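Have a look at the structure below, then the notes.
The values are calculated or read from the model by the stated rules, or taken from the named source; none is laboratory data. This is a predicted model, so every value here is computed, not measured. Counting neighbours? That spans all protein chains shown, and the Cβs are built from the backbone with ideal geometry, glycine included.
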Amino acid sequence: MIPTVREVLGLPLVRAGRPELLGGRDGLDGAVNWVHISESSDPTGLFKGGELVLTTGLPLLGEPAKVAAYLGILAELGVVGLVVELGTHLTAVPDGLGPAADAAGLPVAALSRPIRFVEVTQQVHQLIVADRYEEVEFARTTHEVFTSLNMARASTTDIVTRASQILGAPLVLEDLNRHVLAFCAAGEPAVKLLGDWAERSRRNESTVDSGWSAVAVGLGQERWARLVLPGDTGNPARAMMVLERAAQSLQLHRMIQQERDALVGQAHGGLLDDLRAGRITDEAEALARAGALGLAADAHYVPLVVRTPRRPQDDAIGKGELDRAFLAAVRRAITGCGHTAIVSLPREGTVVALFSAAKPDPALDAIVETLRQQRLSADAWVAGTARPATGLVRAAQGLAEADHVAEAGLSLGEPRRLFRSTDVRLRGLLTLLKDDHRVQAFAERELGPLLDHDSRAQVPLLPLLRTHLESGGGKARTAELSGLSRPTLYARLRTLERVLGVSLESPESRTSLHVAVMALDSRRD
């Protein structure tokens, strides 16, 4: 660390001179960036700030007013302290020197015994250089750590955890709606760190002296998250350096992941890839290739996507092994119900299939029930389907819809296993788009002022807004569901309009707010 005036005065070399503090005690914790020996009574232009001045007292000869003016000039130039050696030019402390030091806010110490100034400068400068080297070394190490993480394609959690370890403090990655994407508690109970996180994050961001630090993750309008350090590490410069490097690594990880996801469809081999990419448009060719792979012709072809979320405990088993078991289970369920299919595993936790059936709906119910009875280790799976088709090419076009329906069904948290597009509707669409930063930004624009209000208010208004919107804007129905009296309800609705800056009488305003609330709920689910 850069030494302070107090620490310099405490060095054995300086203590040998028996230093006595004459004034300016409040400035003892000022950082000493350099030590300068000066006997000039006109220091203008000699200092840049942060210097500790050593003198034998020549500038302090003269009237008290002149001495006070000299100390004032030093303070204005940013000098952090003055050490006077008595004996050469001064045999005693000048009258009024202590009060003048207090008035200038400049620590002034007198040495009653001579010391070697040059040795003081050498020792202090060694401390300063060592600190500079330590900072350079910390920056180099930090750079190497995050470069290694980037090269290893580390996960979001790995990056946040490593940054937290460097800082020795908890760290949280939150999205634009203040929901936690990843965190490292650094030994602190997770409940304590994450309890009421969204409200605490909003409150501390708007408080200048909260002690929290944060950096945006993402570029410009594409900002998609914040990396938050909820506390003070004692070294703001180092903390900000680590946060910025971690944010860069998180952005790089996201870009690589997005690119990988975009290339997944092009990287798939086989018939399903060709069908989905539209490289096969001729029905006869599609049936010929599918028949060669074992798909029997029938009255209908049904798109089916089965998905399961990934859990932390799955890493111990191995994702590849789990996916192979999941793929085999879906294939067994289809064939066990007497149907043939083309089945593939395009990405982790997702099985895509096209199967043939004379009666699609009973076949789907039977396949899902058979899959349920297998008691998979991935017990949170759901299946999504789209409209059956009489042609294989047309059915393959429904795989994208089936995939989306399965994703929405997985996020809705309902006990059912099979979802169709009519089951998910608008809430399902918002669930699909919940990780899109543009949807998050929309929800924040619509509801941000209200969420800010609720983080400070004793009576939150978001539940009332949700009830009012679900009541179609009917005040009588809202009063009935909320249990509020009419005067209280009307007063709170007026407060809602004032906070949101819109009229709740406007159908368009209610629609926008309702979509924003549903988007917010999809993130909370």
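Just a few scattered comments:
- Some residue of the range 221-234 being assigned by TED's automatic domain parsing to the domain that holds THR161 and more than 20 Å from ALA247 (Cβ to Cβ): yes
- Residue within the range 148-155 that is modelled with pLDDT of 85 or more and under 30 Å from PRO449 (Cα atoms) present: no
- Criterion: in contact with a helix residue (DSSP H, G or I) (Cβ under 9 Å, 6 or more places away or on another chain) and assigned by TED's automatic domain parsing to the domain that holds THR281 - qualifying residue of HIS468, HIS404, HIS453: HIS404
- Here the range 208-219 is the region considered, the condition is being more than 13 Å from ARG438 (Cα to Cα) and not hydrophobic (A, V, I, L, M, F, W, C), and the residue that is farthest from the chain's Cα centre (by Cα) is ASP209.
- The lone exception for ALA476 - which of (1) assigned to a helix (DSSP H, G or I); (2) among the aliphatic types (A, V, I, L, M); (3) surrounded by 12 or more Cβ atoms within 10 Å (Cβ to Cβ) it fails: (3)
- Members of the range 410-420 that are of a type outside the set (D, E, K, R) and either in the same structural domain as LEU520 (by TED's automatic domain parsing) or farther than 18 Å from PRO388 by Cβ (or both): LEU410, SER411, LEU412, GLY413, PRO415
- Residue in the range 23-80 that is farthest from GLN123 (Cα to Cα), counting only those that are in contact with a His (Cβ under 6 Å, 6 or more places away or on another chain) and assigned to a loop (DSSP other than H, G, I, E, B): GLY57
- Tally of residues being under 14 Å from ARG178 (Cβ atoms) and assigned to a loop (DSSP other than H, G, I, E, B) across the range 191-222: 4
- Selection count where residues are modelled with pLDDT under 90 and in contact with a Ser or Thr (Cβ under 9 Å, 6 or more places away or on another chain), scope the range 242-256: 2
- Single unsatisfied condition, TYR133 versus (1) out of contact with any strand residue (DSSP E or B) (no Cβ under 6 Å at 6 or more places or on another chain); (2) part of a helix (DSSP H, G or I); (3) surrounded by 14 or more Cβ atoms within 10 Å (Cβ to Cβ); (4) without any contact (Cβ under 8 Å) to a residue 40 or more places away in the chain: (3)
- For the range 295-320, the set of residues classified as outside any loop (DSSP other than H, G, I, E, B) and at pLDDT 65 or above consists of HIS300, TYR301, VAL302, PRO303, LEU304, VAL305, VAL306, ARG307, listed by residue number.
- When the criteria are applied in full, ALA109 fails the requirement of being at pLDDT 85 or above and in a helix (DSSP H, G or I).
- Listed conditions (1) in contact with a strand residue (DSSP E or B) (Cβ under 9 Å, 6 or more places away or on another chain); (2) under 18 Å from GLY218 (Cα atoms) are all met by GLN165, apart from (2).
- For the range 148-187, the set of residues classified as part of a strand (DSSP E or B) and touching a residue at least 24 places away in the same chain (Cβ under 8 Å) consists of LEU171, VAL172, LEU173, GLU174, ASP175, LEU181, ALA182, CYS184, listed by residue number.
- Among the candidates ASP42, ASP102, the residue that is exposed (fewer than 13 other Cβ atoms within 10 Å of the Cβ) and either in contact (Cβ under 8 Å) with a residue 12 or more places away in the chain or more than 28 Å from TYR133 (Cα to Cα) (or both) is uniquely ASP42.
- Subset of the range 227-241 (residues that are hydrophobic (A, V, I, L, M, F, W, C) and modelled with pLDDT of 85 or more): LEU227, VAL228, LEU229, ALA239, MET240, MET241
- Subset of the range 480-525 [assigned to a helix (DSSP H, G or I) and in contact with a Ser or Thr (Cβ under 7 Å, 6 or more places away or on another chain)]: LEU481, SER482, LEU489, GLU497, SER509, SER522
- ASP379 vs. criteria of a type in the set (D, E, K, R), in the same structural domain as THR350 (by TED's automatic domain parsing) and at pLDDT below 90: yes
- Among the residues of the range 355-393, those that are under 10 Å from VAL302 (Cα atoms) and in a helix (DSSP H, G or I) comprise PRO360, ASP361, ALA363, LEU364, LEU392.
- Residue within the range 58-81 that is closer than 15 Å to HIS36 by Cβ, surrounded by fewer than 21 Cβ atoms within 10 Å (Cβ to Cβ) and more than 52 Å from the chain's Cα centre (by Cα) present: yes
- Among residues of the range 488-499 that are closer than 14 Å to VAL459 by Cβ, those with a beta-carbon under 6 Å from a residue that is part of a helix (DSSP H, G or I) and among the small types (Gly, Ala, Ser) at least six positions away or on a different chain give the pairs LEU489/ALA479.
- The sole residue among THR431, THR467 that is in a helix (DSSP H, G or I) and touching an Asp or Glu at 6+ places or on another chain (Cβ under 8 Å) is THR431.
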